[in-house]
1. What residue, of 102, 96, 50, is free of Cβ contacts under 8 Å to residues at least 60 places away in the same chain, more than 14 Å from residue 199 (Cα to Cα) and touching a Lys or Arg at 6+ places or on another chain (Cβ under 7 Å)?
2. Can you pull out every residue in segment 240-287 that is within 27 Å of residue 87 (Cα to Cα), in contact (Cβ under 8 Å) with a residue 60 or more places away in the chain and over 22 Å from the mean Cα position of the chain (by Cα)?
3. What number of residues within segment 146-179 are assigned to a loop (DSSP other than H, G, I, E, B), loosely packed, with under 13 Cβ neighbours inside 10 Å and free of Cβ contacts under 8 Å to residues at least 40 places away in the same chain?
4. Please go through segment 47-71 and pick out each residue that is farther than 15 Å from residue 155 by Cβ and either in contact with a helix residue (DSSP H, G or I) (Cβ under 6 Å, 6 or more places away or on another chain) or of a type in the set (Val, Ile, Thr) (or both).
5. Name the residues in segment 40-69 that are assigned to a loop (DSSP other than H, G, I, E, B) and either surrounded by fewer than 23 Cβ atoms within 10 Å (Cβ to Cβ) or at negative phi (or both), would you?
6. Pull up segment 192-207, narrow it to residues that are part of a loop (DSSP other than H, G, I, E, B) and in contact with a Ser or Thr (Cβ under 6 Å, 6 or more places away or on another chain), then point me to the one that is least open to solvent (accessible area, probe 1.4 Å).
7. Which ones in segment 70-116 are in contact with a Leu (Cβ under 8 Å, 6 or more places away or on another chain), open to solvent by 30 Å² or more (accessible area, probe 1.4 Å), within 30 Å of residue 242 (Cα to Cα) and not acidic (Asp, Glu)?
8. When residue 186 is evaluated against the numbered criteria (1) out of contact with any strand residue (DSSP E or B) (no Cβ under 8 Å at 6 or more places or on another chain); (2) surrounded by 22 or more Cβ atoms within 10 Å (Cβ to Cβ), which criterion, by number, is the only one it fails?
Amino acid sequence: MKSPLLSLPGAVPAEGVDEDVAAHYGDLFREQRALAEGTGFVDLSHRGVVSVTGEDRLSWLHLLLTQHVSDLPTGQATEALILSAHGHIEHALYLVDDGTTVWAHVEPGTQGALIAYLESMKFFNRVEVADRTDEFAIVHLPAGSIAEVPQGVVVRETPYGRDLFLPRADLESYAEKSGPAVGLLAYEALRVEHHRPRLGFETDHRTIPHELGWIGTAVHLQKGCYRGQETVARVQNLGKPPRRLVFLHLDGSEVHLPPAGADLRLADEGPDGRKIGFVTTSVRHHELGPVALALVKRNVPLDARLLADSTAAAQEAIVEP
């Protein structure tokens, strides 16, 4: 659903799954600094919104999600995953319960498959699942923001800021009152800085939670059975994940950033050396310069000099080897 805020002055559409919102509004680094300082807002209205109502909603979701939510306090934000039977990540949900409804926002275009799965697992539980994307738009206020939240709007508050489930009809009027608008590239730059993985960016068809550091934040290790738990428990207790998420500092003299999917190789082996990983997200940060997230093989030495395509890179551990 294309955002009406793309009509704001200077708006440049983002690409790929984010194409329905603005990448920036004409000044990328100014927008990043504003967000880092706690001002402005980010239009995330392209994200899917799902609600779950009914008196069994929390106990039912507890059986399906990787997170402990059976006793989730009203207003407390959390995040959770849905795994395949083999423990691979299929969905990432960003949740809050308002006392009568669990609200979740998810990656653009994934809500249909998520709802289909949830519907298939209802059985005799007293729950109703609904796609609310047409009705509600996600707006992000950065940490430290003193922007007013309209009365009655559901808020998901995290250390990184507040996600508002804003009625979609109010998006333009809210933007007029709460500017400046900040583009998605600024939001993504801070996401990379904070080492936060994103479904479909840091994940592929075989990603397991341990590889991305999602244990603890999205996966609770002391809860009951859910699909894929056997893989989580086995890796936690008996082994290590085959890959690990790293933060890359990229050579700032290069004009172009290595794109998502760019091969990572050991610099000592040159551009034709064996592939040891790939870039997942690369950004230009207003203070750190060009940086990226990447997945590498677990046994790659921490001090190894890397090449991302032809760009020199040094790694910083996110998930320990």
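The values are calculated or read from the model by the stated rules, or taken from the named source; none is laboratory data. Computed from a predicted model, the values in this text were never measured in an experiment. All Cβ positions, glycine included, derive from the backbone under ideal geometry; neighbour counts span all protein chains shown. For the accessible areas, the whole protein counts, side chains as well, though only heavy atoms, and no ligand, DNA or RNA atoms are used. Shrake-Rupley method; radii C 1.70, N 1.55, O 1.52, S 1.80 Å.
1. Going through 102, 96, 50 in turn, the sole match is 102.
2. 240
3. 4
4. 48, 50, 52, 53, 66, 69, 70
5. 45, 46, 47, 54, 55, 56, 65, 66, 67, 68, 69
6. The extreme case among them is 202.
7. 110
8. With respect to (1) out of contact with any strand residue (DSSP E or B) (no Cβ under 8 Å at 6 or more places or on another chain); (2) surrounded by 22 or more Cβ atoms within 10 Å (Cβ to Cβ), residue 186 is out only on (1).
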